[in-house]
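Here the structure is laid out as structure tokens; the discussion comes afterwards.
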Amino acid sequence: MSQHPKIAQFLARNKEFAKTYIPDVTTKGIIHKGEPFTVIVCCTDVRVHPQKFFGLKDGEAMIVPNAGGRVTDDVLRTLYTLDVMSDGGLGTVIVAQHTGCGMGKATEESLRAGMKARVPGKAKEIEAMWFGVFTKSYQDNIRDEMAKLKSDPYLGKGEGGLAVLGYLFDLEKGTAKEVEMGGGVGVGVGDGKEGD
Ligand SMILES: [Zn+2]
């Protein structure tokens, strides 16, 4: 049993939750049979709630978060797996990044330096690490990830193909602004700010 006070609180809340819990309609299978499903790749930031931004109902989309909301190898692994596991296949992927993202503020160097300070014995290994910080405007970062998904040789091979969409969540306004592939270039390199 966890002694951590925060976790004890989580578990106490879970006890309450379980009392009135009704299994979701999607619990029997991971997704609705036969229907193409939607995945939202987004940032792990605690302020980012695709469920709230898009008013999602249970089972409407799967959320795949990571630092920055990047299409990493592990995100692709997740997408391939889900695509094959389901009847309907993967129908839509939304890349949703957000304003004020920490990945737009850090640099690869600053993160490597932080890691080296913690684990000095692994400096060489850390030097080869990639953290995926933003080097372009949010819009252009999102476009890069969308392009990666669109050109992936293993995705979109099902009947209906694959729709790839991009959105920038504005954490000040609560808006989800669409980012189109053909949009203009964003603001300069390395600032992780809002572009066009
Ligand atoms: Zn973020």
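Taking every DSSP beta bridge that has both residues in segment 25-179, what percent is antiparallel when rounded to the nearest 5? Intermediate values should be presented prior to the final figure.
Numbers: 4 of 22 bridges.
Approximately 20 percent, going by the DSSP bridge assignments.
Among Lys136/Lys173; Lys15/Lys57; Lys15/Lys148; Lys122/Lys177; Lys6/Lys136, which pairs are too far apart, with a Cα-Cα distance over 31 Å?
Values: Lys136/Lys173 22 Å; Lys15/Lys57 23 Å; Lys15/Lys148 42 Å; Lys122/Lys177 41 Å; Lys6/Lys136 37 Å.
Check vs 31 Å cut-off fails for Lys15/Lys148; Lys122/Lys177; Lys6/Lys136.
Where the only charges are on Cβ atoms (+1 Lys, Arg; -1 Asp, Glu), what is the dipole of the chain about its Cα centre, to the nearest 20 debye? All intermediate terms of the calculation are to be shown ahead of the outcome.
On the way: 25 positive and 26 negative charges, 167 e Å.
Computed about the Cα centre, the dipole is about 800 debye.
When 1/r is averaged over all different Cα pairs and the result inverted, which Kirkwood radius in Å belongs to segment 1-141? Write out the running numbers ahead of the final one.
Working: mean 1/r = 0.0553 Å⁻¹.
Final number for the Kirkwood radius of segment 1-141 is 18.1 Å.
Coordinate-derived values only; no laboratory data. Source: prediction; values computed, not measured. As a convention, Cβ positions derive from the backbone with ideal geometry for all residues, glycine included, and neighbour counts pool all protein chains shown.
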